[in-house]
Amino acid sequence: MRALTLHARYACAHSGACCRTSWDVPVEREARRAIEQAIAVRRLPMMESFEAGTPPEGMAGVLRHRDDGACVWLDPGTRLCVVHRELGEAALPVTCRVFPR
């Protein structure tokens with residue numbers, strides 16, 4: 001994998017900064033299915049996870065934001081992603097898995 005020198009040694013600092021940017025995060029079918037199944041079996045809390053409307057072409061949705069612009073899955077107490085914590089990296093949308101690499 002190629003990376004800019006700036007990102008070569010990147011490690012998550014658990015600041016939650018990337019999850020509070022109000023960026024639209026498209027969600028692939030597999031990630032949406034994992035999140036919805038985890039909600040159905042109460043492994044994740046019940047919440048509206050995806051924006052209303054038509055997702056970008058080839059995507060199954062876009063993650064919702066709270067009023068403060070943060071992703072709905074950001075735990076403000078720990079500054080960790082609840083999906084990542086409970087389901088693992090493989091359940092994350094690709095955008096979240098590869099940022100900033």
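Nothing in this text is a laboratory measurement; each read-out follows from the coordinates by a stated rule. In this text the structure is predicted, and so the values were computed from the model without any measurement. Because the Cβ atoms are built from the backbone with ideal geometry, glycine has one as well, and the counts that use them run over all protein chains shown.
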note = Log10 I(q)/I(0) at q = 0.22 Å⁻¹ for the chain, from Debye over equal alpha-carbon scatterers, is -1.28
task = Report, in degrees rounded to the nearest 10, the 0 to 90 angle that the Cα long axis of helix 29-40 makes with the longest principal axis of the chain.
result = 50 degrees
note = In debye to the nearest 20, the charge dipole size for the chain, taken about the Cα centre with +1 at each Lys and Arg Cβ and -1 at each Asp and Glu Cβ, equals 400 debye
query = Along the charge dipole of the chain, which of LEU44, VAL98, GLY58 sits closest to the positive end, that is, farthest toward it, with unit charges on the beta carbon of Lys, Arg, Asp and Glu (+1, +1, -1, -1)?
reply = VAL98
